[in-house]
Amino acid sequence: MMVPLQKVLEGARAGCYAIGSFNVYNSETIRGVIESGVDMNLPTIVAFGAGYIPNMRLKDAAALVRSQAADAPIDIALHLDHCKSLDIIREALDAGFTSVMYDGSALPFAENLANAAKVVSMAHAAGAGVEAELGGIAKGTHSNEEDGSEIYTSPDEAVELVRETGIDALAVSIGTVHGMYAGEPRVDVGRLKKIAAVVDIPLVLHGGSGTPEAIIRDCINNGIAKINVNTEISMHTVAKARAAIEANPKIHLSKLCLTEIEAIKEVVKKYMEFFRNR
Ligand code: 13P
């Protein structure tokens, strides 16, 4: 069943576990993510990045997720990931998204705050939740995200943004990268602790791909309640598809799509298991 972001994250921070937010852009990724949630019996966030609108219209993504969620015995939030446009956020809410991320992180703080407040009033009126971001996340390898420079989140700004906007979740920059790490990951859990000490809403970790399990657990134990994963799902699935084509150059596309769904599920379930933090 479809639920808002707040519902899917309820209890996660206090219970020291995180909910996975997995990027989707076509029928195979949507099915792979939802089936993983059902197999693991875990609340799940299906994240459609605004950058993937060329792959699928918002209303088509919403229709597919809605029909699959209606049959699923778990809570599912349909989340608009990384969106800078208030018009696109409006369109997503109208299409039935239950969660939106307003990404004003590259703007001056006051502008990011003012826009996030507008998004909160739009989204809450529609019964949806809001994530905003403070700071900048760098881009590693193989990522489909825009380039970004690393700017760690300021705890003082975090307090003000949360207090003045009423957002439901806050994405923080503490050293993870979008994509795979070029070297050893250096994640500043000390900074996360400082933010978590002054902000009590669920904190969000972007750049889940390639982050070692021990670091993920450390982050979850210190306030992270939602973790985004994209790149590693794509890399693993492309590798599996390539191997399937090499093994059978005459493979039918319908069979290749089924191979892809299985590959997507392998990575999604691996991260779901980490995020349970048992
Ligand atoms: P990765 O591609 O590193 O998994 O990051 C995904 C993400 O943060 C999407 O918002």
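Laboratory data are not the source of any read-out in this text; all were calculated from the coordinates shown. As the structure is a prediction and not an experimental result, all values here were calculated from the model. Using ideal geometry, Cβ is built from the backbone for each residue, glycine included, and neighbour counts are taken over all protein chains shown.
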Note to self: Restricting to region 110-138, name every residue that is assigned to a helix (DSSP H, G or I) and charged (D, E, K, R).
What the structure shows: E111, K118
Next item on the list: For residues that are closer than 16 Å to I220 by Cα and touching a residue at least 40 places away in the same chain (Cβ under 8 Å), tally how many sit in region 150-171.
Entry: 2
Note to self: Within region 175-185, does at least one residue satisfy the condition of being over 21 Å from K84 (Cα atoms), surrounded by fewer than 16 Cβ atoms within 10 Å (Cβ to Cβ) and without any contact (Cβ under 8 Å) to a residue 12 or more places away in the chain?
What the structure shows: yes
Checklist line | L170, sole failed condition from (1) surrounded by fewer than 24 Cβ atoms within 10 Å (Cβ to Cβ); (2) more than 13 Å from the ligand (Cβ to nearest atom) | finding: (1)
Next item on the list: Hey, can you tell me all the residues within region 128-150 that are more than 13 Å from the ligand (Cβ to nearest atom) and out of contact with any helix residue (DSSP H, G or I) (no Cβ under 9 Å at 6 or more places or on another chain)?
Entry: D147, S149, E150
Check: Within the set of pairs 6 or more residues apart or between chains, which connect a residue that is over 20 Å from A125 (Cβ atoms) inside region 87-110 to a residue that is in a helix (DSSP H, G or I) with Cβ atoms less than 6 Å apart?
Finding: F109/E157
Next item on the list: Could you figure out which of (1) touching a residue at least 60 places away in the same chain (Cβ under 8 Å); (2) in contact with a Leu (Cβ under 8 Å, 6 or more places away or on another chain); (3) of a type outside the set (A, V, I, L, M); (4) within 16 Å of the ligand (Cβ to nearest atom) isn't true of G223?
Entry: (4)
